[in-house]
Amino acid sequence: MTAPFPIVILTGAGISRESGLATFRDPDGIWAKVRIEDVATPQAFARDPARVQAFYNARRAQLRDAAIRPNAAHLALAGLAARWPEPVLLVTQNVDDLHDRAAAEAGPPAHPDSALLHMHGELLKARCLRCDAVHAWADDLSATTACPACGEAGGLRPHIVWFGEIPLGMDRIEDALSRCGLFVSIGTSGQVWPAAGFVAQLRGRARSLELNLEPTEGTRLFDEARHGPATQLVPDFVATLLRGAGA
Ligand code: BV8
């Protein structure tokens, strides 16, 4: 029996792949069909807002498809947070709401400091460039959409962190990385910074584990790496952890 410890988990697009959402850098991924520079930078939005809004409107609409649901990996992580007596910070690079929906199904976390943090923003939220208000948003956005807070039209953008913008929650993430006993990276190619640099910040203070379909460029930085589909690796990982702590 081992005493429970704080955990930081980082997820990427690979954890949502078996729910039917495309990843970014796999051969059939999003960046194989559209260029980052055309749809995922502030410059792209300034240059052609309609094109950027259409890119996110299509991905937002996909989340409204009843077939897109949390998978066993999302549910296992939500179950861990609901039972683990120490803080679990689940940091996701994903902008889908599958972790949120899994958490709603699993119930409240066991520790008050456990949380889900979308460091790259959320597809189902919009932010007003005029008044900075952030709104839950499940429908399309366009240049004529008015902000519910200030009433201005044309200023609503996806609440997404684009390349060149500062990720959300970095202070909380850095603090959790400095306190955790275990860092687990799940379903990410480890090619986007600053998330790709989290494992190096542990400096041996915590155990690190990579769960991914295949080895990544960062695999060598981890104490241990297991390769296979997230829906197999993650439930097994969580079950073993909970059994070991008797949680
Ligand atoms: C920042 C938007 C400063 C939402 C995303 C030049 C100019 C400006 C910046 C830079 C620059 N050069 C480098 C940078 C930094 C830049 C960066 O990292 N660029 C890369 C391309 C080199 N980063 C930034 O700009 C960031 N901001 O640096 O600000 C700063 C930093 C810190 C503090 C202060 C200031 C902002 C980065 C955020 C950009 N926005 N998305 C959207 O449209 O979705 S990033 C995008 O990539 C997504 O969010 C995605 O989540 C993220 C990471 O990708 P992954 O999730 O890893 O997905 P990927 O397809 O790559 O990999 C999937 C993996 O899953 C694979 O390994 C695969 O094997 C595996 N897999 C597949 N199926 C399964 C599976 N695993 C398990 N089971 C399966 N079934």
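Below, the figures for the structure above:
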quantity	calculated
Sulfur and carbon atoms: percent of accessible area, the chain [1.4 Å]	54 percent
Selection of chymotrypsin sites (Phe, Trp or Tyr not before Pro), the range 11-61, meeting DSSP coil and at most 15 other Cβ within 10 Å	none
GNM top mover of Leu77, Leu168, Leu124 - the chain, alpha-carbon springs below 10 Å	Leu168
Gaussian network model of the chain, Cα within-10 Å springs - most flexible of Ala195, Ala66, Ala133	Ala66
Check: the chain dipole with +1 on Lys, Arg Cβ and -1 on Asp, Glu Cβ, in debye	60 debye
Per-pair calculated FRET efficiency, R0 = 22 Å: Glu214 and Phe5 via Cβ, rounded to 0.05	0.20
Cysteines not pairable in the chain (beta carbon separation under 4.7 Å absent)	Cys180
Spin-label pair Ala22/Ala153, simplified geometry with 7 Å Cα→Cβ offset, distance in nm	3.2 nm
Rounded FRET efficiency, nearest 0.05, which uses the C-beta distance separating Ser178 from Leu242 and R0 of 22 Å	0.35
Å² per residue, accessible surface of the range 183-247 at 1.4 Å	49 Å²
Å² of accessible area per residue within the range 24-83, as computed with a 1.4 Å probe and no ligands counted	50 Å²
Most mobile listed residue (Pro148, Pro87, Pro108) in the chain, GNM with C-alpha springs under 10 Å	Pro148
Chymotrypsin sites (Phe, Trp or Tyr not before Pro) within the range 120-227: DSSP coil, no more than 14 neighbouring Cβ in 10 Å	Phe163
Hz values of 3J(HN,Hα) by residue in the range 14-22 - Karplus curve (6.51, -1.76, 1.60), Gly and Pro given as x	x, 6, 9, 4, 7, 8, x, 9, 5
Residue-normalised accessible area of the range 123-167, given per residue in Å² at a 1.4 Å probe	50 Å²
Rel. contact order, % - alpha carbon contacts under 8 angstrom, at least six apart, the range 182-234	37 percent
Modelled label reach - Ala143, point 7 Å along Cα→Cβ, the range 57-71 residues with backbone N closer than 15 Å	none
Theoretical FRET efficiency, 1/(1+(r/R0)^6), r = Cβ-Cβ of Glu37 and Arg130, R0 30 Å, to 0.05	0.70
Accessible surface of Arg83 - all protein chains present, 1.4 Å probe, nearest 10 Å²	130 Å²
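The values are calculated or read from the model by the stated rules, or taken from the named source; none is laboratory data. Keep in mind it's a predicted model, so treat the numbers as computed, not measured. Reconstructed Cβ throughout: ideal geometry from the backbone, glycine too, with neighbour counts over all protein chains shown. Only protein heavy atoms, including side chains, enter the accessible area calculation; ligands, DNA and RNA are left aside. Shrake-Rupley method; radii C 1.70, N 1.55, O 1.52, S 1.80 Å.
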